[in-house]
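Notes follow the structure.
The values are calculated or read from the model by the stated rules, or taken from the named source; none is laboratory data. Keep in mind that what you see is a predicted model, and the values were worked out from it rather than measured. Note that each Cβ is placed from the backbone with ideal geometry, even for glycine, and that neighbours are counted across all protein chains shown. The area values use the complete protein model at the heavy-atom level, side chains included, leaving out ligands, DNA and RNA. Shrake-Rupley method; radii C 1.70, N 1.55, O 1.52, S 1.80 Å.
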Amino acid sequence: KGDISSYVSNNIIHNYNIEILELSCFFMNEIADIALNLKKFKKMKDSLNVAISIHAPPIINIKNDKVSYTFSENLRWIYLIAKELNLEWITVHGFVVDRILREYERKYWLIDLKNRIDNFPIDIKKLILIENGFGNIFPKQSDEFNFLKRKLILDVAHAYIEGGQRAIKDLINCCKPQQFHISDVNDNSRHISVGEGKINFSFIKETGMD
């Protein structure tokens, strides 16, 4: 909102040598804000000399046993944003539920998720990176990503909450993540600053990635 380019430039870009900004499109009002203000965001992108990605809403959302497809419902706007801002990628969760799933339900929604992604327009499909979830946010485990055969953006905090250091290593070994969301986690909070929580980040060197 407002003149964010000067704030980002002064406080983040120059201090941390940021090359890509990820904009939140997780909620409908955020998608609308970007789609209706593309000139502002293009100007910001050019003035900061950064690439842009977005964090889109889940592809499937299941609440009170009612299903919504927020990503698909906003596909025209997401496509417009991708085209006009020349997005580097689109971060997205597969499906989110508000209760514990039975095994057959988990498999059903994984199949539905795979089919839906396969049927997205090629210009959108090639940009999608699926972020691993935790709890009732899927996919979250290596077997699920192996089934989907989609590129992974590894959220380290999510993986640690789901299964500790082993879960992080399992996802790295099975999926070779394209990108990382790096933050720490402790008993009370997630997505805190690196070094303030429990995660051992030595795994990054083991990946051989920059």
(request) Select from segment 82-91 the residues that are buried (at least 18 other Cβ atoms within 10 Å of the Cβ) and in contact with a helix residue (DSSP H, G or I) (Cβ under 9 Å, 6 or more places away or on another chain) and write down the one among them that is farthest from R106 (Cα to Cα). (result) L85
(request) Read through the list (1) out of contact with any Ser or Thr (no Cβ under 9 Å at 6 or more places or on another chain); (2) outside any loop (DSSP other than H, G, I, E, B); (3) modelled with pLDDT under 95, then give the number of the only condition that I117 fails. (result) (3)
(message) Yes or no: segment 160-175 includes at least one residue that is part of a loop (DSSP other than H, G, I, E, B) and under 24 Å from I52 (Cα atoms).
(response) no
(message) Can you confirm whether Y79 is hydroxyl-bearing (S, T, Y), open to solvent by 60 Å² or more (accessible area, probe 1.4 Å) and either assigned to a loop (DSSP other than H, G, I, E, B) or within 20 Å of I137 (Cβ to Cβ) (or both)?
(response) no
(message) Looking only at segment 179-192, count every residue that is under 20 Å from the mean Cα position of the chain (by Cα), among the polar types (S, T, N, Q) and either at pLDDT 90 or above or not in a loop (DSSP other than H, G, I, E, B) (or both) and tell me the total.
(response) 2
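This table checks each residue for (1) touching a helix residue (DSSP H, G or I) at 6+ places or on another chain (Cβ under 8 Å); (2) among the aromatic types (F, W, Y); (3) at negative phi.
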{"position": "D98", "(1), (2), (3)": "no, no, yes"}
{"position": "Y108", "(1), (2), (3)": "no, yes, yes"}
{"position": "D123", "(1), (2), (3)": "yes, no, yes"}
{"position": "L154", "(1), (2), (3)": "yes, no, yes"}
(message) Looking only at segment 82-114, count every residue that is more than 23 Å from D143 (Cβ to Cβ) and assigned to a helix (DSSP H, G or I) and tell me the total.
(response) 4
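Residue-wise test of (1) within 24 Å of D112 (Cα to Cα); (2) in contact (Cβ under 8 Å) with a residue 12 or more places away in the chain; (3) surrounded by fewer than 20 Cβ atoms within 10 Å (Cβ to Cβ).
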site: L152; (1), (2), (3): yes, yes, no
site: Y160; (1), (2), (3): no, yes, no
site: R166; (1), (2), (3): no, no, yes
site: N173; (1), (2), (3): no, yes, yes
site: D184; (1), (2), (3): no, yes, yes
site: K198; (1), (2), (3): no, yes, yes
site: I204; (1), (2), (3): no, yes, yes
(request) Only residues in segment 93-113 that are surrounded by fewer than 13 Cβ atoms within 10 Å (Cβ to Cβ) count as the first member; pair them with residues that are acidic (D, E), Cβ under 6 angstrom, at least 6 apart or cross-chain, and list the lot. (result) none
(request) May I ask you to verify whether H181 is touching a helix residue (DSSP H, G or I) at 6+ places or on another chain (Cβ under 7 Å) and on the phi > 0 side of the Ramachandran plot? (result) no
(message) Against the conditions (1) over 30 Å from K66 (Cα atoms); (2) in contact with a helix residue (DSSP H, G or I) (Cβ under 6 Å, 6 or more places away or on another chain), where does S142 fall short? Just the number, please.
(response) (1)
(message) Among (1) in contact with a Pro (Cβ under 9 Å, 6 or more places away or on another chain); (2) under 20 Å from S72 (Cβ atoms); (3) crowded, with 20+ Cβ neighbours inside 10 Å, there is one condition L127 misses while meeting the rest; what is its number?
(response) (1)
